[in-house]
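J.: Before we start, here is the structure in question, set down as C-alpha coordinates.
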Amino acid sequence: DVAAFVRFLEDLLTAYPTGKMALVLDNSRIHHAIALQPFLKKHPRLQLVFLPPYSPNLNPVEGLWLWLKADVVNNIFFEKFYTIRLHVSQFMKRINKHPMQTIDRLLVRL
(Lines give C-alpha, C1' and ligand atoms only; values in the text may rest on other atoms or scores of the structure.)
Protein backbone atom coordinates (compact mmCIF):
# COMPACT_ATOMS: atom_id res chain seq x y z
CA ASP A 1 0.00 0.00 0.00
CA VAL A 2 1.00 3.65 -0.18
CA ALA A 3 2.09 3.79 3.46
CA ALA A 4 4.49 0.87 2.94
CA PHE A 5 5.85 2.52 -0.22
CA VAL A 6 6.45 5.77 1.68
CA ARG A 7 8.28 3.82 4.41
CA PHE A 8 10.44 2.25 1.68
CA LEU A 9 11.22 5.69 0.24
CA GLU A 10 12.05 7.00 3.71
CA ASP A 11 14.46 4.09 4.18
CA LEU A 12 16.11 4.90 0.83
CA LEU A 13 16.50 8.55 1.77
CA THR A 14 17.98 7.56 5.13
CA ALA A 15 20.40 5.08 3.56
CA TYR A 16 21.50 7.68 0.98
CA PRO A 17 21.30 11.00 2.84
CA THR A 18 22.80 13.25 0.16
CA GLY A 19 22.45 13.80 -3.56
CA LYS A 20 19.66 13.35 -6.04
CA MET A 21 18.01 9.96 -6.45
CA ALA A 22 16.07 8.56 -9.39
CA LEU A 23 13.87 5.55 -8.81
CA VAL A 24 12.65 3.67 -11.90
CA LEU A 25 9.16 2.25 -11.34
CA ASP A 26 6.38 0.50 -13.14
CA ASN A 27 2.98 2.15 -13.33
CA SER A 28 1.42 0.61 -10.26
CA ARG A 29 -1.42 2.68 -8.76
CA ILE A 30 0.59 2.94 -5.56
CA HIS A 31 3.41 4.71 -7.39
CA HIS A 32 0.99 7.35 -8.73
CA ALA A 33 -1.17 7.72 -5.60
CA ILE A 34 -2.36 11.19 -4.66
CA ALA A 35 -1.44 10.41 -1.04
CA LEU A 36 2.20 10.10 -2.16
CA GLN A 37 2.42 13.63 -3.58
CA PRO A 38 3.00 15.52 -0.28
CA PHE A 39 5.90 13.19 0.52
CA LEU A 40 7.46 13.78 -2.92
CA LYS A 41 7.09 17.56 -2.56
CA LYS A 42 8.81 17.37 0.82
CA HIS A 43 11.72 15.41 -0.71
CA PRO A 44 12.53 17.05 -4.06
CA ARG A 45 15.83 15.21 -4.41
CA LEU A 46 13.83 12.03 -5.01
CA GLN A 47 12.73 11.71 -8.63
CA LEU A 48 10.31 8.99 -9.72
CA VAL A 49 10.83 7.81 -13.30
CA PHE A 50 8.12 5.62 -14.79
CA LEU A 51 8.53 2.89 -17.36
CA PRO A 52 6.27 3.22 -20.38
CA PRO A 53 2.93 1.42 -20.00
CA TYR A 54 2.87 -2.14 -21.30
CA SER A 55 6.64 -2.52 -21.52
CA PRO A 56 7.47 -5.87 -19.90
CA ASN A 57 10.72 -6.01 -21.87
CA LEU A 58 12.02 -3.09 -19.78
CA ASN A 59 11.06 -4.63 -16.42
CA PRO A 60 13.34 -7.56 -15.41
CA VAL A 61 10.86 -8.83 -12.82
CA GLU A 62 8.57 -9.80 -15.71
CA GLY A 63 11.22 -12.30 -16.79
CA LEU A 64 11.27 -13.69 -13.26
CA TRP A 65 7.48 -14.18 -13.33
CA LEU A 66 7.72 -15.99 -16.68
CA TRP A 67 10.50 -18.20 -15.38
CA LEU A 68 8.63 -18.97 -12.15
CA LYS A 69 5.45 -19.87 -14.02
CA ALA A 70 7.36 -22.09 -16.45
CA ASP A 71 9.31 -23.87 -13.68
CA VAL A 72 6.73 -24.06 -10.91
CA VAL A 73 3.13 -23.85 -12.02
CA ASN A 74 3.02 -24.67 -15.74
CA ASN A 75 0.50 -27.48 -16.37
CA ILE A 76 0.38 -28.48 -12.70
CA PHE A 77 -2.72 -28.65 -10.53
CA PHE A 78 -2.12 -27.91 -6.86
CA GLU A 79 -4.90 -29.05 -4.56
CA LYS A 80 -3.68 -26.98 -1.61
CA PHE A 81 -2.40 -23.41 -1.53
CA TYR A 82 0.47 -24.31 0.81
CA THR A 83 1.84 -26.65 -1.86
CA ILE A 84 2.12 -23.82 -4.38
CA ARG A 85 3.71 -21.65 -1.73
CA LEU A 86 6.26 -24.38 -0.92
CA HIS A 87 7.20 -24.80 -4.59
CA VAL A 88 7.56 -21.04 -5.09
CA SER A 89 9.71 -20.80 -1.96
CA GLN A 90 11.97 -23.61 -3.20
CA PHE A 91 12.28 -21.88 -6.59
CA MET A 92 13.27 -18.59 -4.95
CA LYS A 93 15.86 -20.31 -2.73
CA ARG A 94 17.31 -22.06 -5.77
CA ILE A 95 17.69 -18.91 -7.85
CA ASN A 96 19.05 -16.91 -4.91
CA LYS A 97 21.97 -19.35 -4.53
CA HIS A 98 23.48 -18.03 -7.78
CA PRO A 99 22.30 -14.44 -8.24
CA MET A 100 24.57 -13.56 -11.18
CA GLN A 101 23.41 -16.60 -13.16
CA THR A 102 19.85 -15.65 -12.29
CA ILE A 103 20.34 -12.13 -13.66
CA ASP A 104 21.88 -13.51 -16.86
CA ARG A 105 18.96 -15.87 -17.33
CA LEU A 106 16.42 -13.10 -16.70
CA LEU A 107 18.04 -10.84 -19.25
CA VAL A 108 17.93 -13.62 -21.85
CA ARG A 109 14.19 -14.08 -21.20
CA LEU A 110 13.54 -10.41 -21.95
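The values are calculated or read from the model by the stated rules, or taken from the named source; none is laboratory data. None of these values were measured; they are calculated from a predicted model. We place every Cβ from the backbone using ideal geometry, glycine too, and count neighbours over all the protein chains shown. Just the protein is used for accessible areas: all its heavy atoms, side chains included, with ligands, DNA and RNA removed. Shrake-Rupley method; radii C 1.70, N 1.55, O 1.52, S 1.80 Å.
J.: Round to the nearest 0.05 the FRET efficiency obtained for Phe39 and Met92 when R0 = 30 Å and r is the Cβ-Cβ distance. Don't skip to the end; give the middle numbers.
T.: Values: r = 30 Å, r/R0 = 1.02.
Taking R0 as 30 Å, the efficiency between Phe39 and Met92 is 0.50.
J.: Something else: Ignoring the sites themselves, what is the longest stretch of the chain with no trypsin sites (Lys or Arg not before Pro) in a DSSP loop and at most 10 other beta-carbon atoms within 10 Å?
T.: Working: sites that count: Lys20, Lys80, Lys97.
With trypsin sites (Lys or Arg not before Pro) excluded where exposed in loops, the chain gives 21-79 as its longest stretch.
J.: So, one more: About its Cα centre, how strong a charge dipole does the chain have in debye, to the nearest 20, once Lys and Arg get +1 and Asp and Glu get -1 at the Cβ?
T.: Numbers: 14 positive and 8 negative charges, 31 e Å.
Magnitude of the dipole: close to 140 debye.
J.: Additional query: Probe of 1.4 angstrom, ligands and nucleic acids ignored: what's the accessible area per residue over segment 1-81, in square angstrom?
T.: Working: 6010 Å² over 81 residues.
Result: 74 Å² of accessible area for each residue.
J.: Which one of Leu13, Pro38, Val24 has its Cα pushed farthest toward the positive end of the charge dipole of the chain, where Lys and Arg give +1 and Asp and Glu give -1 at the Cβ?
T.: About the Cα centre, the residue reaching furthest to the positive side is Leu13.
J.: Tell me, what % of the accessible area of the chain is carbon and sulfur with a 1.4 angstrom probe? Intermediate values should be presented prior to the final figure.
T.: Numbers: 5140 of 8490 Å².
The C+S portion of the solvent-accessible surface of the chain is 61 percent.
J.: Continuing with the same structure: If you take the beta carbon distance between Asn57 and Leu25 as r and set R0 to 22 Å, what does 1/(1 + (r/R0)^6) give as a FRET efficiency, to the nearest 0.05? List each step's numbers first, then the result.
T.: Values: r = 16 Å, r/R0 = 0.73.
That pair, Asn57 with Leu25, gives E of 0.85.
J.: Using 1/(1 + (r/R0)^6) with R0 = 35 angstrom and r between the beta carbons of Ala4 and Phe78, what's the FRET efficiency to the nearest 0.05? Walk me through the numbers on the way to the answer.
T.: Numbers: r = 28 Å, r/R0 = 0.80.
Once rounded, the FRET efficiency stands at 0.80.
J.: In whole Å, what three semi-axes, largest first, describe the equivalent ellipsoid of the chain built from its Cα gyration tensor (square root of 5 times each eigenvalue)? Please list the in-between numbers first.
T.: Numbers: eigenvalues 206, 56, 45 Å².
Working from the Cα gyration tensor, I get semi-axes of 32, 17, 15 Å.
J.: Would you compute, from DSSP H runs of 4+ residues alone, the mean residue ellipticity of the chain at 222 nm, taking -39500 (n - 2.57) per run and dividing by the full residue count, rounded to the nearest 500?
T.: Working: 5 runs with 56 residues, N = 110.
Mean residue ellipticity at 222 nm (helix-derived): -15500 deg cm²/dmol.
J.: For segment 12-98, what is the relative contact order in percent, using Cα pairs closer than 8 Å and at least 6 residues apart in sequence?
T.: Details: 45 pairs, mean separation 21.7, N = 87.
Relative contact order of segment 12-98: 25 percent.
J.: Report, in degrees rounded to the nearest 10, the 0 to 90 angle that the Cα long axis of helix 99-109 makes with the longest principal axis of the chain.
T.: Rounded to the nearest ten degrees, it is 80.
J.: Return the aspartates and glutamates within reach of Lys80: Cα separation strictly under 19 angstrom, same-chain partners fewer than 8 residues apart disregarded; answer none if there are no such residues.
T.: Once the sequence-local aspartates and glutamates are set aside, what remains near Lys80 is Asp71.
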